[in-house]
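Scroll down for the structure; my scribbles are underneath it.
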Amino acid sequence: MIRANENYNKLKASYLFSDIAKRVEAFQNNHPDRPVIRLGIGDVTHALPKAVIRGFQTGVDEMARDATFRGYGPEQGYAFLREKIAAHDFQARGAEVSADEIFVSDGAKCDSGNFQELFADDIRIAIPDPVYPVYLDTNVMAGRTGEFKDGRYESVVYMDCLKENGFLPELPEQEVDLIYLCFPNNPTGSTATKAELEKWVEYARENKALILFDAAYESFIRDESLPRSIYEIKGAREVAVEFRSFSKTAGFTGTRCGFTVVPKECMIFSGSGEKISLHAMWNRRQSTKFNGVSYPVQKAAEAVYSKEGQAEVKKLIDAYMENADIVRRTMNTLGFDTVGGENSPYIWVDGQGRDSWDFFDLLLNKASVVCTPGGGFGKCGNPYIRISAFNSLENVTTAMERVKEALR
Ligand code: MLT
């Protein structure tokens, strides 16, 4: 008899963003005359930069001729891309990362979801609340949690991120083995200073723990004093893995490309305490289960690092950040406290006691604007909503006009 992985029964029926998509579709079917503006899922709307398209086209043209055609590529990614990433994203900022420590992939969602399979079933995991649902759900699927009770899974150490602590996770009181951190944060938009990250690196080193650091939104950091990579922190190479993505930075949500950094010094431990290279393990995992990102997509990603690519990507990010500013100011003017939107594309809005799904429904029904209910990111996500800056200036401006009307 073929039996199911019953850990899946512990999950909520559907993934947060699928749930929202269903509600929006139902609304749209019932009100075809009221077009919605989507500020929910963080999906980019502007076209890929021209330099990226040229890189893409070069890759496609090469695939069209026998002489330059490529079949299977290296599972870890082509050297031309890994070298640019290492030089530009890390070495230029004084962070020691070499090209062979970079694993190119089809995105940070897959990597941050897959990475947990390298760890034992009975490790203790610490997860912020609210949090990007992938970290928690993939650990539930793997059987690393107990049942879902009163809005939380048993045997997970939740780190509450509340107004009182500036939406920053605090060091757990009990010992934990695996720590998920995300800065700039999804969903709250909060950021961490170097001193904040130093605290976590020190904790991980002392406790032989590992940090999974999601830096998918680093390119939205405006404040030059803030770290963009955990490897800007001394000692992090031994205790941290970092996820990055071209999705929000360069418009790759539909194109798919990201990467994970696994430093060679990073060690985990066998049951008897022997050191095991995490780099070797991830390499083994990827070469068995992954066949690399397509060549044209890697050529497109490489073009992000060209002079034109950099200028165009900056323009894209500036445009989204202008939207973030509009959202933040509008919500503040309406009397709502917000966090985020200054170094991140997400604005976390305090709903003043409203249930976050009620607030979501109110904005959908009265303003035809889609946001994300904070409760979907965890118990501490109530009473917040997350508004995303990913849309056109025109749509964001219209959405905010409608929100003003609806909440007046
Ligand atoms: C989000 O809206 O949180 C993100 O777009 C989801 C993702 O990147 O997978």
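Taken together, the values in this text are just the output of simple stated rules run on the coordinates, not laboratory data. Bear in mind the structure is a predicted one, so any value in this text is a computation, not a measurement. All Cβ positions, even for glycine, are placed from backbone atoms using ideal geometry, and neighbour counts span all protein chains on display.
Per-structure values
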item: Full-stretch length increase - ILE2, GLU274 - with 0.36 nm per residue and alpha-carbon distance subtracted; result: 94.3 nm
item: Flagged links, alpha-carbon separation over 29 Å, of LYS234/LYS379; LYS194/LYS264; LYS289/LYS314; LYS84/LYS314; LYS84/LYS289; result: LYS234/LYS379; LYS289/LYS314
item: Cα-projected label distance for ALA21 with ASP337, points at 7 Å along beta-carbon direction, nm; result: 3.5
item: Efficiency of FRET from Cβ geometry, ASP358 and ARG285, R₀ 41 Å, rounded to 0.05; result: 0.45
item: Segment 42-117: relative contact order as a whole-number percent, Cα under 8 Å and 6+ apart; result: 21
item: Cα centroid of segment 33-58 to Cα centroid of segment 137-181, whole Å; result: 33
item: Gyration tensor verdict on segment 53-305 (Cα atoms; rounded if a/c is under 1.5, prolate if a/b is larger than b/c, oblate otherwise); result: prolate
item: Full-extension gain in nm, ASP160 to LYS208, via 0.36 nm per residue minus C-alpha separation; result: 15.0 nm
item: Charge dipole of the chain about the Cα centre (unit charges at C-beta), most positive-ward option of ASN391, SER287, ALA204; result: ASN391
item: Separation of alpha-carbon centers, segment 243-300 and segment 356-381, rounded to whole Å; result: 33
item: Among ASN382, ASN291, ASN139: highest mean-square fluctuation, GNM of the chain, C-alpha pairs under 10 Å; result: ASN291
item: Ratio of the Cα radius of gyration of segment 194-248 to 2.2 N^0.38 Å, where N counts its residues; result: 1.14
item: Two-site FRET efficiency, HIS31 against ASP66, from Cβ-Cβ distance with R₀ of 41 Å, rounded to 0.05; result: 0.15
item: Selected from MET331, VAL304, TYR231, residue furthest toward positive end of dipole (the chain; charges at beta carbon); result: VAL304
item: LYS307/GLU96 FRET efficiency (R0 22 Å; Cβ-Cβ; nearest 0.05); result: 0.30
